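Written below as structure tokens is the structure these notes are about.
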Amino acid sequence: ARKEQLAPLDDADLIAELGVNEGGFTELSEVGIKALAKIESGEPLVTGKLEQNAFPKLNELAPVHKGELVIIGAQTSLGKTAFAVKLSTGLISMGAKGIYLPYEGSYESLLYRTISQECKIPLDQVRANKIPEDKMPDVRNWIASIHDTHVGLSDNVGNVTSIFSRVRERKATKKALDFVIIDHMHLMELEKSGIREGFIDVTKKLIRIAKNEDVLIIVLTQFRKLTGDEKNEKPHGELIRESATICQDAHQVWLLHDPEFRKPTTESDPFDHNGSPIRSGTEPDPAEIIVEKNREGKVGSIEARFIRSYGLWTEIKQ
């Protein structure tokens, strides 16, 4: 009976594969002795931190670690994928290994987005294969630079169990993952009936995989349908679909906000040097990367800019 309480029958296989200890305990004194040894030797007490250089201020405010679940939420079409692509390249450039799971598009589409961001070429030109000749050396150099990054893409992943299988496959090939990006959560196949029960199941399994497989899991998710006032206000975690389930369990929750997103534009609007429209002759209001929840550190916001022509999120340098 106790086993059934710890591991419901429909989840037993996954728990068994994850190697959950069903009854073992570790004495606190043993943990204390090991911690003291680390302190006296000068070893880092917290391990598994992943550096990323795509968003330096965010890296300082809310660093990410293996074993964590990070939720990134925003309105529909506000550049969640663009943000995640930039974040992944920042992790990759610092030596991390990962997989990107684009539930919303193909891996070719992700590659085109990344070329646009990294080589500063408007995305519509990349998609139409009208890359300026003077930009071709940048494209060739970037393609050459990713040969040894060990980052996988998959556009055929349905549910959490299949994600777990891919994490284990990489570990078996001696290319253990540092991070997994899921784009995005609400297109995943639920393994339990009912929307609420299904997402409770998903988030708890993702946390279990992150902890037991020592991997950072980053999940993109949409806001629910917003009212007129909500569309123009600074967002908060309760706007995320099924927020009570998703945000409660996550280690960190980041929200993307661009006050220019819903403002109307006209053909006569000039553009600034970043490709953002200047409405009514004024500089655009800055976008924000909002850290709403951070179990292990600070919360706050960072001024940013979303350059739509490149599909690129960047921090504003001060």
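The values are calculated or read from the model by the stated rules, or taken from the named source; none is laboratory data. None of these values were measured; they are calculated from a predicted model. So basically every Cβ, Gly included, is an ideal-geometry build from the backbone, and we count neighbours across all protein chains shown. What goes into the accessible areas is simple: the full protein's heavy atoms, side chains included, and nothing from ligands, DNA or RNA. Shrake-Rupley method; radii C 1.70, N 1.55, O 1.52, S 1.80 Å.
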Quick one: length gained pulling E233 to I33 fully straight, 0.36 nm per residue minus the C-alpha distance?
67.0 nm
Solvent-accessible surface (1.4 angstrom probe) belonging to M188, in square angstrom, nearest 10:
10 Å²
How far apart, in nanometres, would the label points at S145 and E60 be if each is projected 7 angstrom from Cα along the Cα-to-Cβ direction?
2.3 nm
How much length is gained on full extension from R168 to Y107, taking 0.36 nm per residue of separation minus their Cα-Cα distance?
19.9 nm
Long-range amide H partners of A250 with built H, under 5 Å:
none
On average, how much accessible surface per residue is there in segment 70-226, in Å², for a 1.4 Å probe, leaving out ligands, DNA and RNA?
45 Å²
Taking the alpha-carbon distance from K298 and a cut-off under 19 Å, which lysines remain once sequence neighbours fewer than 8 residues away in the same chain are dropped?
K49, K57, K66, K234
Quick check: pseudo-label points 7 Å beyond the Cα along Cα→Cβ at K120 and K175, how many nm apart are they?
3.2 nm
Full-stretch length increase - D249, K298 - with 0.36 nm per residue and alpha-carbon distance subtracted
15.9 nm
